[in-house]
1. Name every residue in region 37-47 that is closer than 16 Å to Gly9 by Cα and either crowded, with 21+ Cβ neighbours inside 10 Å or more than 20 Å from the chain's Cα centre (by Cα) (or both), in order of residue number.
2. Can you name the residue in region 156-173 that is β-branched (Val, Ile, Thr) and at pLDDT 90 or above and, of all such residues, is least open to solvent (accessible area, probe 1.4 Å)?
3. Evaluate region 59-75: report whether one residue or more is under 13 Å from Ile137 (Cα atoms) and either exposed (fewer than 13 other Cβ atoms within 10 Å of the Cβ) or within 17 Å of the chain's Cα centre (by Cα) (or both).
4. Please go through region 96-117 and give me each residue that is open to solvent by 60 Å² or more (accessible area, probe 1.4 Å), over 27 Å from Thr155 (Cβ atoms) and either without any contact (Cβ under 8 Å) to a residue 24 or more places away in the chain or in a loop (DSSP other than H, G, I, E, B) (or both), ordered by number.
5. Would a scan of region 128-148 turn up a residue that is at pLDDT below 90, under 20 Å from Asn18 (Cα atoms) and open to solvent by less than 70 Å² (accessible area, probe 1.4 Å)?
6. Please specify each residue of region 1-36 satisfying the condition of being farther than 19 Å from Leu138 by Cβ and either modelled with pLDDT of 95 or more or open to solvent by less than 50 Å² (accessible area, probe 1.4 Å) (or both).
Amino acid sequence: NGDVTTQIGEKFLATTNNIQKVTLLLSVRNLDVGNENDLVWNGDLIVSIYPLQSDIDCPTDIAPNLAIDFPPSNIPVAQISLNYASLQEMGVELNSVPQPVDFIFSNSPIAGGNVLIPNTYYAVTIKRSGAANKCDILIDVGSNLIANSRITTFTGTLWVDIPEQQLWFRIWT
């Protein structure tokens, strides 16, 4: 609620040259006393796909040992925005129970097979934008760890990985 800077995402190894959709497990809650059942959230959800960087920005930076350790680049290869009304039009109404939500990229450049490079790392991220001052959007984690995947978060200045957990996510090609 109110945070339009933080991005939460999952780094993953792309095994093909296209992404048709991404599924994330989302729910919503309202912590305003007396309004706990009002789950009509505001603002937008921005879902982005970023390639991971492959080199360091500054010669004095420490180079990561693994490709998955690099942060996402600054420019996404695809990005979509959805709000409460557009999710409802898709038949999705978030509530307190986590549910899978599909973010469709089939009309974006990454669906055609000309942008993504197989066996390269990317990050799918989600964040809020606009007037995001009502309700918390919750992103669930999964318990089954995938070897070539990890959570990453951006708080406005720095990407930080959380290797002990993974988002509940699925990449559809």
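The values are calculated or read from the model by the stated rules, or taken from the named source; none is laboratory data. Everything numeric here is computed off the predicted structure, so don't read it as measured data. Cβ coordinates were reconstructed from backbone atoms using ideal geometry, including for glycine residues, and neighbour counts include every protein chain displayed. When the accessible area is computed, the model is the full protein with side chains, heavy atoms only, and any ligands, DNA or RNA have been set aside. Shrake-Rupley method; radii C 1.70, N 1.55, O 1.52, S 1.80 Å.
1. Residues satisfying the conditions are Leu45, Val47.
2. Going through region 156-173, the residues β-branched (Val, Ile, Thr) turn out to be 157, 160, 162, 171, 173.
Subsequent filtering for residues that are at pLDDT 90 or above retains 160, 171, 173.
Working: Val160: 69, Ile171: 43, Thr173: 92 Å².
Applying the filter and picking the extreme gives Ile171.
3. The answer is no, given that none of the residues of region 59-75 is under 13 Å from Ile137 (Cα atoms) and either exposed (fewer than 13 other Cβ atoms within 10 Å of the Cβ) or within 17 Å of the chain's Cα centre (by Cα) (or both).
4. Listed by number, the residues that qualify are Val97, Asn107, Asn114, Ile117.
5. Yes, region 128-148 has at least one match.
6. Across region 1-36, the qualifying residues are Lys11, Phe12, Leu13, Ala14, Thr16, Asn17, Asn18, Ile19, Gln20, Lys21.
Per-residue answers, yes or no, for (1) among the β-branched types (Val, Ile, Thr); (2) more than 11 Å from Thr6 (Cβ to Cβ); (3) in a loop (DSSP other than H, G, I, E, B); (4) in contact with a helix residue (DSSP H, G or I) (Cβ under 8 Å, 6 or more places away or on another chain):
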| site | (1), (2), (3), (4) |
| --- | --- |
| Tyr121 | no, yes, no, yes |
| Ile126 | yes, no, no, no |
| Ala132 | no, no, yes, no |
| Ala147 | no, yes, yes, no |
| Thr153 | yes, no, no, no |
| Ile171 | yes, yes, no, no |
